[in-house]
Each structure stands twice: as structure tokens, then as C-alpha cells.
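Structure, as C-alpha cells:
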Amino acid sequence: MSKRCYYDVLGIGRDASQKDIKNAYYSKAKKLHPDRNPNNPNAEAEFKAVNEAYETLKDSEKREMYNRFGHDGPQAAGGMGGFDFSSGGFTDFSDLFEGPFSDFFGLGRKQRATNYSYSLNISLEDAFHGMKKHLDIPARETCEACKGRGTDKGQPPLECGTCGGSGRVQFARGFLSMESQCQTCGGTGKLIHNPCRKCDGSGTVSVTRTIEVDVPPGVDTGVTLRLPGRGSPAGPGRPAGDLHINLSVQDHEIFIRNGADLYCRVPVSMTRAALGGEENIPTIDGGRIRVRIPAGSQTHKKLRLSGKGMPKLNSSHIRGDMIVELFVQTPVNLSPEEQDLLVQFEALRGDEAQGDDGGLFKKFKDFLGDQKKR
């Protein structure tokens, strides 16, 4: 006996939309489910026919094959057991265990919980001290109207007739015995014919959660904080995924960060650099520290302040260093009296007025002298 046309089984035309197919399936499956027809010996067979028709027509590729080749569509590609190993199909036998055909071997994709990601920008001071931040996060939660069942008025879902409630189906292709996730129920083993009006059968609803995030001291750009169970559940009654907070630390107007160390450029007057003295320098903790400037300091001279940098992540009692780089400022807009004093200073020192440059000035002077002799 030949199979009935799938469109006739569902009572729809060949130009039916996906919504029409879905509605027709829900109506037929609800009417023909064996549990609702205990006195009808043909109900189970008709119910399976409805499931088989829906499984094919709801998939655009399967529907196209069916429209072209009828019930022989899956075998129309040729080759052994419906698979073409000769050309165009697979470059390697291992391809069978990957991609869309992995489901045939029990390796199919299972419905998984959804992880959410959220980007959080914080200041360098927040990264130093640590902080608690309240965030409004979009998420999905169990629908209270149906208690996560996905059915209207809390009615229990019906057992899937295609897989018998197991969520898996088995079949053979040539010498291969295969198992795949049931496409009719999505691997849940249940069918919802009266979906909840609030969640449309998904068992979850969209919400906005306000959560508190504890950012520890010492975090840096690229650190991700994981909050288990703050994502979306895979389905009714299933565990929720995680929330990942991706941190980004903003640039600072004074400090430059390198791991746990901080770099700070400090302007120093020419006289302070020459005579030496002390400078008040800001620190990342909001305070100030007096730093001794050695006499004769030059631009780019570096002073290391141990333990004045950033705390190390997960070891907040251990801190990096603060490296102070000096920039000697040349005075501008000199008064006539100041100019006279500098002229007198240069006359007193002569060539020695130059600073300690590692002998660069002497080498330059010697080079000019050698050129005059030539």
C-alpha cells in the first residue's frame, strides 16, 4: 500500500506556509493522539503518519526534496543507503561524524542552556579598589503561568509519538544502524499541542534582572567574570546557562598600566632637577607620596616606588610597583632679570653648564673640533 501524500495527511495545500504547516500539525496531532483515542485502533498509525509528514514538511530542505522526488526523496541523492560517497558529498569519511550528519550516529546537537555576555567598562580606580556594581541584564526565566511546562493552564505535555517519549529515533541506512535526535519533539520526548499563551510554549519568558556583580581588586581588560546560573535555561525544568561579564578598564589621565605596575610621568622644574629636592606625587589609591628627586636629575630618569602599583588579581595584599619618569621643564617667558641670571650662570659654568648626558655633549664637541682641523 502506497503512502499518502504528506500534504493530504496534514490537510493542507502544497503552497502552505510554515505557519500553516505548524498549525495543521498541532490540530491533527491533538485530535489523533492515542491517549485521546483509546477505542480507535487506527489512531496510533494515523498519529505517526501526521508526525512523519510534519517532520518532513517543517524542514525547508526536506520539503524541497519531497516536492521533487516524493517519498523517495531521501534516497534520490543516490549512493549506498541514501549517502553519496563518490563526489560532492563528503571529502572524508570522518565528515559523517561532523556537521549535519553527526546526529545520525548519536552525536547530534542537544538543546543547551544559553550563556549571556555583558560588557562592563570600569575606571582604573575601580580596578584598584574593587567594586560592587548593580546591572540590569536581559534574561529569560521560567514562565510562572505554566510553571515551565509550556502548556496552557498547566496541562501536562503529550508524549511524542515519533520517538515514544525517548527523544531519540533509530533507523537503518544500508549497513549502518543510526540514531538521531527526534526532530518532531526536538529531543524532549514531549509534544505541546496547547501552548501557554504567555510564553508561547517555550516555558520561559523575557525579563530584566537587576544583579549585583562583585568586581575584585586587580582586574584588567580582558578578564571575564562568570556568574553560574544567570543565563537562560535550555528548556522547561532544565538548568540555566551562565552570565559572563567581560571587563574593560578605561585609560587613565595620569597613570599608564603594565600588568600590576603603574607608570607616571612627573614634570620637574629645571632648578629642582639640578639642585634636588622633593615632589608630591599622586598615587592610584587617591593619596600622595613625597618622592626625593636626586640632584642633577635628567629627563627620562626613572624612580621605582615599590608596592605603589596595582594589586595583583586574587592576591590583593600583593601590589606591583609605581615607576616615576621625570620630565625636566625648561622655563619660558623669562623676565630680563631671569635672563641675566642665566647668562651669568652659563658664564660661570661654561661648557660644564650641560647636564649629565652620559658623555654625549663631550662626544659632540669633540666631533665639531675634529671637523675644524680638517
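The values are calculated or read from the model by the stated rules, or taken from the named source; none is laboratory data. Computed from a predicted model, the values in this text were never measured in an experiment. Virtual Cβ from ideal backbone geometry, glycine too; neighbours counted across all protein chains shown. Ligands, DNA and RNA are stripped out before the accessible areas are found, and what is left, the full protein with its side chains, is counted by its heavy atoms. Shrake-Rupley method; radii C 1.70, N 1.55, O 1.52, S 1.80 Å.
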Point to revise | Nonlocal amide H pairs with Thr114, under 5 Å, H built at 1.01 Å | key: Ser232, Ala234, Gly241
Exercise for review: Quick one: which residues, 5 or more positions from Met178 or on another chain, have an amide H under 5 Å from its amide H? H modelled 1.01 Å from N in the peptide plane, none for Pro or chain starts.
Suggested key: Phe171, Ala172, Arg173
Review point. How fast does segment 239-320 diffuse by Stokes-Einstein, in µm²/s, taking the Kirkwood radius from C-alpha pairs at 37 °C and 0.692 mPa s?
Key: 216 µm²/s
Point to revise | Spin-label model distance (nm) - Leu334 vs Lys302, 7 Å beyond Cα toward Cβ | key: 3.3 nm
**Study point:** Entries in Lys19/Lys147; Lys22/Lys190; Lys3/Lys190; Lys3/Lys62 that, when Cα-Cα distance is taken, lie over 20 Å
**Key:** Lys19/Lys147; Lys3/Lys190
**Study point:** segment 254-295 - Debye-derived log10 I(q)/I(0), Cα point model, q = 0.18, 0.23, 0.31, 0.35 Å⁻¹
**Key:** -0.59, -0.83, -1.07, -1.18
Check your understanding: When only C-alpha pairs under 8 Å and at least 6 residues apart count, what is the relative contact order of segment 223-302, in percent?
Key -> 18 percent
Exercise for review: Rank these by accessible area, largest first, 1.4 Å probe: Glu279, Glu61, Glu159.
Suggested key: Glu61, Glu159, Glu279
Point to revise | Long-range amide H partners of Met131 with built H, under 5 Å | key: Val215
Check your understanding: What nm distance separates the two modelled labels at Ser27 and Met131, each placed 7 Å from Cα along Cα→Cβ?
Key -> 5.7 nm
Point to revise | Whole-Hz couplings from phi, Karplus 6.51/-1.76/1.60, listed for segment 127-138; x for Gly and Pro | key: 5, 6, 7, x, 6, 10, 10, 8, 10, 9, 10, x
Review point. Can you tell me the Rg and the Dmax, both Å, for the Cα atoms in segment 117-170?
Key: 21.9, 61
Practice item. Please work out how much length the chain gains when fully extended from Glu61 to Asp220, using 0.36 nm per residue of separation minus the C-alpha to C-alpha distance, in nm with one decimal. Key: 52.5 nm
